[in-house]
Amino acid sequence: MVFKSIFIALIISLIISISKCNPLSTKGLTVDLIHRDSPQSPYYNPSLSPYQRLANAIRRSFDRARRFKLDPTSSKSPESDLILSNGEYLMEYSIGTPPVPSLAIADTGSDITWTQCQPCTECFKQKLPLFDPKNSSTYKNIPCDTKNCSSFRRTSCSDNNKNCIYSATYGDGSFTNGDLATDTITLDSSDDDGKSVVSFPDIIFGCGFKNGGIFDGGESGIVGLGGGPASLVTQLGQGKFSYCLVSPSDNNSTKSSSSKLNFGANADVSGSGVATTPLVKKVPETFYYLTLEGISVGNQRLEFGDPTAREDGNIIIDSGTTLTFLPFEFYLNYMNAIKSYIKLKQIEDPQHVLTLCYHSKTDIKNIPDVTVHFRGADVKLKYENVFVRTSDVAVCLAARPVPGSGYTIYGNLAQMDFLVGYDLVQKTVSFKAADCGK
């Protein structure tokens, strides 16, 4: 009887230990995503009209699109630049024990999570207190002779050959350098079961002592949600996440519901109406590549390239890019197909950012069905995925040609009011129509 009691106690202790090591093994997690132009954001400018805020987001998307540069004469991988002004979504989290609040850009186009740390030799000014690792009882530097150091890109040893040093220099001149370390990350979860606080021990992150570039101070760093080994998604162990992005009209409301980012069991995208397409592994593995086969406008299907020689992974899905960017010739075909159905007066965009605009004080009536054909998945877009309002009298097509020699990008306007799920284990992305503002 004593042995049986000891055995049961050991089993219970083991279950508790496993749960503490990975909270997502027993339940899901949902956190708020704050759009940088919403009233909940430190970047919110109440003097701007909703149309001006949208135009600014579109302009930022041009900068971000240029980060995905292609050079057909080079064997090098595409540049992985961080352009801070392109951080469309922010998320709150805490780091260390006791937890120190942090606000970071949530970026599906970045891997490593980093925050500014004391003592700073060169740091941009931030509104939140700097994280001081000396005050955290759970902070640990990663030794430079370990796999955790060597498996990360652009790491080296400190002067005393003891600690692992990380470095990232981005295409816009921004940079971060510091110690690669582990500590506890704490997230506030809010879902149908109520609010809770969930902690994840031993998360690898960058403790940046030298950081600079185009930073506004509202954020402390980056939360990397990309597909690489350094990503927070990968480190949380479940290999899946999903998000539901509210529409621009909800972002401009002081009473708006925030967009949601889900992990673990909460990240499942299931039920009727789900369209699932394969993720394609390419270099760099940070970005999420899908295969676009075409777009249908009404009963007219526009093929994306030669179906017999179509490249796998020919489009990047990115939550941080506002617009959808298409190759020039395909964009012209898409624009002309839209124009063939809509006979309203065409006007110039009052914000001078989009190319196909119509004079209309209300939503355009009787628009054609627009369906995006990914490999194995047909995603029927809603009105707000196809058109955006840029003034009281202007409604414009929410797409543009790829700037320069760059990648085709499926932007966040096309993803609004869809539950979009990424499964890094099954290597799929799933779409399901939703009302993300509820």
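The values are calculated or read from the model by the stated rules, or taken from the named source; none is laboratory data. Computed from a predicted structure; not experimentally measured. Quick reminder, even Gly has a Cβ in these numbers, built from the backbone with ideal geometry, and neighbours come from all protein chains shown. Quick note on the areas: whole protein, heavy atoms, side chains included, nothing else; ligands and nucleic acids left out. Shrake-Rupley method; radii C 1.70, N 1.55, O 1.52, S 1.80 Å.
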Item to check | Top of Asp111, Asp183, Asp159 by mean-square fluctuation, Gaussian network on the chain, Cα under 10 Å | outcome: Asp159
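Full extension from Ala265 to Asp378: what is 0.36 nm times the residue separation minus their Cα-Cα distance, to one decimal in nm? Present the calculation step by step, with values, prior to reporting the outcome.
On the way: separation 113, 0.36 × 113 = 40.68 nm, distance 2.48 nm.
Residue separation times 0.36 nm, minus the Cα-Cα distance, leaves 38.2 nm.
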Next on the checklist: Between Ser190, Ser199, Ser61, where does the largest GNM mean-square fluctuation fall for the chain, given springs only between Cα atoms within less than 10 Å?
Outcome noted: Ser190
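Antiparallel versus total DSSP beta bridges in the chain: what percent is that, nearest 5?
Bridges in the chain that DSSP calls antiparallel: roughly 85 percent.
How much length, in nm to one decimal, is gained on full extension between Ser150 and His359, taken as 0.36 nm per residue of separation minus their Cα-Cα distance?
Numbers: separation 209, 0.36 × 209 = 75.24 nm, distance 5.69 nm.
Contour length minus the Cα-Cα distance gives 69.6 nm.
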Checklist entry - Roughly how many percent of the accessible protein surface of the chain is carbon and sulfur, given a 1.4 Å probe and a whole-percent answer? => result 53 percent
Item to check | Förster-model FRET efficiency, 25 Å R0, Asp159 and Lys125, C-beta, rounded to 0.05 | outcome: 0.35
Next on the checklist: Test of understanding: in a Gaussian network model of the chain with alpha carbons linked when under 10 Å, which of Lys125, Lys281, Lys27 would top the mean-square fluctuation ranking?
Outcome noted: Lys27
Item to check | Paired Rg and Dmax values of the chain, which use every Cα atom, in angstrom | outcome: 22.7, 86
Item to check | Solvent-accessible heavy-atom area per residue, rounded to whole Å², over the chain at 1.4 Å | outcome: 45 Å²
